[in-house]
Amino acid sequence: RSGDLAYIALWSDWLPSIARTQLHYLSPRADIIERVVDRHVATLADRILPADADRAIPGIRCRPEGSERVGMGNCPTREEVARLTASFQEVLATDPGYDLREIERYSNAYVCYSAAFQSEALGYRAAIDPSPLFLTIGELTLAIFEDKNSEGYHRRIVVVPRSYVEHQAHLERHLDLVRGAFRSANEVGTPGMIWLSRFRAHAFAPKHFTRHLGSAWRYKINAFRRRMRTLLTERQAPGEVIDIWMSQWKLGNCPWMHGSAFQIRELEDLVSHHVEPILEEDGWKPVPSLLHPSSFERHAR
């Protein structure tokens, strides 16, 4: 029912080219894959075997010895992400005051939290400039961006979870304050995220996230995209809709092409039924920045 080739690829060790991209962002629990395959094999047996045949189907096993998960590694657990979000939120709840070094540390922590939140909420790749265009239509907020070098073919339109819509408003206010205080921020451009180093502004990049957390976090920022893809698969969200959300469709199957039967409502359902509950479980929530105009009055550069 999921329409996801990843199940068959992980179970059978058959790796068709069209499943390789999905598997790069997948590290599901082996017992979930086993149950899904067991169920479908039993269904096929009911249709294929004669009525008097022995229906005892041996349980499918796909996990390596001693392993709970299959597929790619480097997928953070719920406990790891929950600890990270709680740690970030504790730091961001402390007013940095007026010391420029504390302001710089606070701002960088805020941008790192925002980039990680965005990566999981939108399935964003580790792009150099994680700054999509946001568009509101009625009660629906869309993010339009291209985080893959594919000459526009994989440009994505993603329904933005409500929690991230609220956080994005806080982030924009934070970045406006930083741009107003640091003349060097004008070189970064709008709406780019800003990393501060030695009191100068630079365009935020994935390496800054790794540098900021150091040994406290063993994953790259791309791991949040892998985690979301993994959980969507484990919860058996429609595979073709996951592919659209992740921008992993195949040549000729672009959902925005003429003749496509895809409807944006399918993405909205994926976000409301699956993405938003996962974000809540992982501890992501909108966090207002504690920086304010007076924070920079002595330090405009």
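Readers should treat all values here as calculations from the given coordinates under stated rules, not as data from a laboratory. The structure displayed is predicted, hence computed values, not measured ones. Neighbour counts are summed over all protein chains in view; Cβ atoms, including those assigned to glycine, are modelled from backbone coordinates with ideal geometry.
Listing for the model above:
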quantity: For the range 78-296, alpha-carbon Rg over 2.2 N^0.38 Å; calculated: 1.03
quantity: Sequence of 195, 284, 256 once ranked by neighbouring C-beta atoms within 10 Å, starting from the fewest; calculated: 256, 195, 284
quantity: Equivalent ellipsoid semi-axes, the range 182-301, via Cα gyration tensor eigenvalues times 5, rooted, Å; calculated: 36, 19, 16
quantity: Footprinting exposure proxy for 294, 289 (fewest neighbouring C-beta atoms within 10 Å first); calculated: 294, 289
quantity: For the range 78-296: relative contact order, % (alpha-carbon pairs under 8 angstrom, 6 or more apart); calculated: 30 percent
quantity: Quarter of the Cα convex hull surface for the range 132-230, i.e. its orientation-mean projected area (nm²); calculated: 8.3 nm²
quantity: Sorted largest first, extent of the range 76-186 alpha carbons per principal axis (Å); calculated: 46, 39, 31
quantity: Among 240-249, 257-266, 211-220, 172-181, the order from most to least packed when residues are scored by Cβ within 10 Å on average; calculated: 240-249, 172-181, 211-220, 257-266
